[in-house]
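Chemist: Okay, here's the structure, questions in a sec.
Throughout, read-outs are computed from the coordinates displayed, never taken from laboratory work. Treat the numbers as computed from the prediction; the structure is a model and nothing was measured. Cβ: placed from backbone, ideal geometry, glycine included. Neighbour counts: every protein chain shown.
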Number of protein chains: 2
Amino acid sequence: MKFFNVKTVEETFSLIDEKISKINGTETCPLKEALHRVLAEDITAKENVPAFDRSTVDGYAVFARDTYGSSESMPGFLTAAGEVEMGEEAVFPLSRGNAIYVPTGGMLPPNSDSVLMIEHCEDIGGLLNTYRQVAPGENVIRAGEDIKAGETILKAGTKLRPQEIGALASLGVREVPVYRKITAAYLSTGDEIVPYETESLETGQVRDINFLTVAGLADEWGIDVIYGGITADEYGEFSERARELYERADCLILSGGSSVGAKDYTTEVIQSLGEPGVFVHGISIKPGKPTILAVADGKPVIGLPGHPASAMIIFRLFGERILKRLKGEDTGSRPERIYARITKNIASSPGRSDYIRVRLTETEGEWWAEPIIGKSGLITTLVKSDGIVEINSAKEGISQGDYVPVILST
Amino acid sequence: MKFFNVKTVEETFSLIDEKISKINGTETCPLKEALHRVLAEDITAKENVPAFDRSTVDGYAVFARDTYGSSESMPGFLTAAGEVEMGEEAVFPLSRGNAIYVPTGGMLPPNSDSVLMIEHCEDIGGLLNTYRQVAPGENVIRAGEDIKAGETILKAGTKLRPQEIGALASLGVREVPVYRKITAAYLSTGDEIVPYETESLETGQVRDINFLTVAGLADEWGIDVIYGGITADEYGEFSERARELYERADCLILSGGSSVGAKDYTTEVIQSLGEPGVFVHGISIKPGKPTILAVADGKPVIGLPGHPASAMIIFRLFGERILKRLKGEDTGSRPERIYARITKNIASSPGRSDYIRVRLTETEGEWWAEPIIGKSGLITTLVKSDGIVEINSAKEGISQGDYVPVILST
């Protein structure tokens, strides 16, 4: 058996990025079911959006220079020479000295280069009085101004938010190549753990609540979790159940094993699943030190601490990164944390990252983070919290009023 | 027909809070399916969590005063008097001068008041050498310290996040009273609009992309949207389709109608659905001015502008508030925006709220918001954005380096 050193949070993230690769397996998904799926290929536009020059206002398509000098006090005059119908092709080109009515979103007549808003002119029996001048391109969206044919509009690894779905729809894309959905499996260990549905507890028993918090977070990341039940602290049973679940899923999550027996078994069981095995065994973090991370033949295995609050924080920090990498998602730059000012001094040991649950309040354009009192094992501290403040391992603590990063809870 | 004044953003939010009430209708939902549902009743704890005094570490349950004065250089001595098994009741009380081994999560023996970590003592043939002193309560979670029997732990209106589900599971709650799910219905209007699946467009036509962006956002708020198709700019058909969809759903969303005909009809159609009708007709906002908000016999009706980007921003701002109020959710204090520093000066008209799409980048512990260049009608401006900066109506603009609120996109 290998020996492991406790890793810092920063080392743990680097190791995750190094060890966890995306799954194989892509599929084609109808666009209307593709929300929050991850693109498996770059998407190139096959046409321009918009497909034609459009007006962004109700008004008159003109030659901009025909309006130069027009003002309220010195109107110009043009000939109102017809109208473009909504949804119809504008076939008749505009001639100098003329103006053609175009509704918002309507097509610009050939030759016209701008639109004078209806509020800035007046059609008096076919003579259009113009009270303002416009510049070329004003109130117009050019063909291809939103998306140009041939342009790569979305890259592989992009999670499809509503706006990406909209952009794809504007191109007439009906189905998209995405990574297949992934499934995780969850197993609780511990002689004291009973199903959460247990109506009345015997003394010494505790309900298994980590499954629901883990499955809830995974659901928010678009991942289903198979419930594998609770195994007793007995190597044979634990190992067999873990193996069976590992085979059925893309990722195995083990919770608990807070008793000494289970602690011993967990590493051994994980090492037996496949190579290269455990790469993080203990993280210099509070709460959540006894975390185990592994890869067994390409499938990640996450050993969570048993305390519900610790398990949730660890899963939020490292489980999310692991599962998003596994599902092919680019975990790049979108902000998942904000900055707030801490309301109290908090001490921390250098070399260890601390995660402090906080309630956020907004005061005069700033967020203030108020630490939640209570031992780290308490699930209610998370219920009361809006997020967690990170004190990274380089710091010896933070002082009242300091700006601190807050990882928001959902 | 009534006349309407354009409302400010602040007035619009106040009117929404005044006019939109939560739906009638609650149901009982199994806890494991209750993620993101909204509680319809306060939840009171029926038991203590934990149910018994637990150790938070592997160690020895002791009388704290028996350890006073112990240190590495001057160890104390206690008698190692047995062990508590995980998940078992600790029946034998602790006597003075003794220590009983308890695993993490195990039950404390009667009389003991604290736990000395295993790292801080050594069992030498039944004689426990203690190298540190502990304080009463150290390394112990008391019965009821997380949740006290009789305590209201969650209030009606709470959206159930993973941690709330966990807290309920810890109490053995198997089902919860929630508001029923709500459904919205969506109808596009406009002669130029064709289904988004349309493979090739005729000149002048535009694909209907607002349905997918609206349904995508609603999905993130836990709401299904029925697609009602596209209606031509013809009062009879528009009115009939709107009425039919209004009857089938809890909220009606109308998109587009950017042509003059549709603009006229939309208000009339909405007013015909029920009392009191339209309460916002035009908002002093950019983009999204031609927004219509109404209540018809208790059901909200949202008239979105036709431009895809405007429609999405309006729906994110006002649609979310309307739908969350409708589904009974407390829209209280959880942060949905962050503060960032703007990278450029941006002018704005006083009296109008501007929403600027931005990309966020993190530099030395601060978020910087970089405005996205491009006309407001372009859907790709939202694809490139991480959020939208609000310049409220009291301001004449913002200057480079100013802290500004950013509403994050998902």
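Chemist: Placing a label point 7 Å from Cα toward Cβ, how far apart in nm is residue A:297 from its equivalents in the other copies, listed shortest first to one decimal?
Modeler: Inter-copy label distances (nm, one decimal, shortest first): 6.2.
Chemist: Count neighbours as other Cβ atoms within 10 Å of each site's Cβ, and list the GluC sites (Glu not before Pro) in the range A:176-229 that are DSSP loop with at most 10 such neighbours.
Modeler: Working: sites: A:192, A:197, A:199, A:202, A:220; in loops: A:192, A:197, A:199, A:202.
Those satisfying the criteria are A:199.
Chemist: Let me ask something else. So what's the net charge close to residue B:287: Lys and Arg +1, Asp and Glu -1, counting the other residues with Cβ under 10 Å from its Cβ? Mind dumping the intermediate values first?
Modeler: Values: positive: B:286, B:289, B:357, B:375; negative: B:354.
Surrounding charge for residue B:287 is +3.
Chemist: Residue by residue through A:101-112, how many Cβ atoms from other chains fall within 10 Å of the Cβ on average? Working shown, then result.
Modeler: Details: counts 1, 0, 10, 13, 12, 5, 5, 0, 0, 0, 0, 0.
Mean inter-chain Cβ contacts per residue within 10 Å come to 4.
Chemist: A further question on this structure: For chains B and A related by rotation, which residue of B has the Cβ nearest the axis, and what is the rounded distance in Å?
Modeler: Nearest Cβ to that rotation axis, in whole Å: B:338, 2.
Chemist: Additional query: From a point 7 Å beyond the Cα of residue A:336 in the direction of its Cβ, which residues of the range B:166-184 have a backbone N at a distance under 19 Å?
Modeler: none
Chemist: On to the next question. Quote the FRET efficiency, to the nearest 0.05, computed for residue B:183 versus residue A:275 with a Förster distance R0 of 56 Å and r equal to the Cβ-Cβ distance. It would help to have the intermediate numbers written out before the result.
Modeler: Details: r = 50 Å, r/R0 = 0.89.
FRET efficiency, residue B:183 to residue A:275: 0.65.
Chemist: Please give the peptides B:127-137, B:223-233 ranked by average Cβ packing (other Cβ atoms within 10 Å per residue), highest first, as a rough proxy for protection. Present the calculation step by step, with values, prior to reporting the outcome.
Modeler: Working: B:127-137: 16.9, B:223-233: 19.0.
Per-residue Cβ counts within 10 Å, averaged per peptide and sorted highest first, yield B:223-233, B:127-137.
Chemist: Treating only the Cβ of Lys, Arg, Asp and Glu as charged (+1, +1, -1, -1), what charge dipole size does the protein assembly as shown show about its Cα centre? Round to the nearest 20 debye.
Modeler: Numbers: 84 positive and 120 negative charges, 232 e Å.
Result for the protein assembly as shown is approximately 1120 debye, rounded to the nearest 20.
Chemist: Taking the Cα centre of the range A:54-141 as origin, work out the dipole magnitude from +1 charges on Lys and Arg Cβ and -1 charges on Asp and Glu Cβ, in debye rounded to 20. Could you put the intermediate results ahead of the total?
Modeler: Values: 4 positive and 12 negative charges, 62 e Å.
With only Lys, Arg, Asp and Glu charged at Cβ, the dipole is about 300 debye.
Chemist: Please give the residues of the range A:38-71, grouped as numeric ranges, whose backbone N is less than 20 Å from a label point set 7 Å along the Cα-to-Cβ vector of residue A:152.
Modeler: Those under the cut-off are A:38-49.
Chemist: Taking each residue in A:351-360, count the Cβ atoms of any other chain within 10 Å of its Cβ, then average. What number comes out?
Modeler: Numbers: counts 0, 0, 0, 0, 0, 0, 1, 0, 2, 3.
Neighbouring Cβ atoms belonging to other protein chains average 1 per residue here.
Chemist: How much FRET efficiency would the formula 1/(1 + (r/R0)^6) give for residue B:132 and residue A:349, where r is the Cβ-Cβ distance and R0 is 22 Å, rounded to 0.05? Don't jump to the answer; show the numbers that get you there.
Modeler: Numbers: r = 16 Å, r/R0 = 0.74.
The calculated FRET efficiency here is 0.85.
Chemist: Continuing with this model, one more query. Which of the chymotrypsin sites (Phe, Trp or Tyr not before Pro) found in the range A:1-91 are loop residues per DSSP with 10 or fewer other Cβ atoms within 10 Å of their Cβ?
Modeler: Listed in order of number, the matching sites are A:3.
Chemist: Quick query: amide H of residue A:48 versus all other amide H atoms, modeled in the peptide plane; which residues come in under 5 Å with a sequence gap of 5 or more or a different chain?
Modeler: A:149
Chemist: Suppose each label sits 7 Å from its Cα in the direction of the beta carbon; what would the residue B:5-residue B:65 distance come out to in nanometres?
Modeler: 7.4
Chemist: Same structure again: At 7 angstrom along the Cα-to-beta-carbon line, where would the label on residue A:85 sit relative to the other copies? Give the distances in nm, shortest first.
Modeler: Ordered by distance, the counterparts are at 8.7 nm.
Chemist: Moving on. Using 19 Å as the Cα-Cα cut-off, could you pick out the over-long pairs in A:32/A:148; A:299/A:324; A:22/A:46; B:299/B:324; A:22/A:324; B:344/B:395? Before the final figure, lay out each step's value.
Modeler: Numbers: A:32/A:148 23 Å; A:299/A:324 13 Å; A:22/A:46 28 Å; B:299/B:324 13 Å; A:22/A:324 8 Å; B:344/B:395 15 Å.
Check vs 19 Å cut-off fails for A:32/A:148; A:22/A:46.
Chemist: At residue A:364, with labels set 7 Å past Cα in the Cβ direction, how many nm apart are the copies from this one, shortest first?
Modeler: 2.5
Chemist: Mind giving me the FRET efficiency for residue B:33 and residue B:226? R0 is 22 Å, r the Cβ-Cβ distance, nearest 0.05 is fine. Show your work: numbers first, answer last.
Modeler: On the way: r = 22 Å, r/R0 = 0.99.
The pair residue B:33/residue B:226 has a calculated efficiency of 0.50.
Chemist: When DSSP beta bridges are limited to those with both residues in the protein assembly as shown, what percentage is antiparallel, rounded to the nearest 5?
Modeler: Values: 118 of 170 bridges.
Antiparallel bridges: around 70 percent, rounded to the nearest 5.
Chemist: Quick check: residue separation of residue B:203 and residue B:85 times 0.36 nm, minus the Cα distance between them. What number comes out in nm?
Modeler: 34.7 nm
Chemist: Checking a compactness column here: for the range A:337-408, what do you get for Rg(Cα) / (2.2 N^0.38 Å), N being the number of residues? Walk me through the intermediate numbers first.
Modeler: On the way: Rg = 11.5 Å, N = 72, 2.2 N^0.38 = 11.2 Å.
Cα-based Rg divided by the globular estimate yields 1.03.
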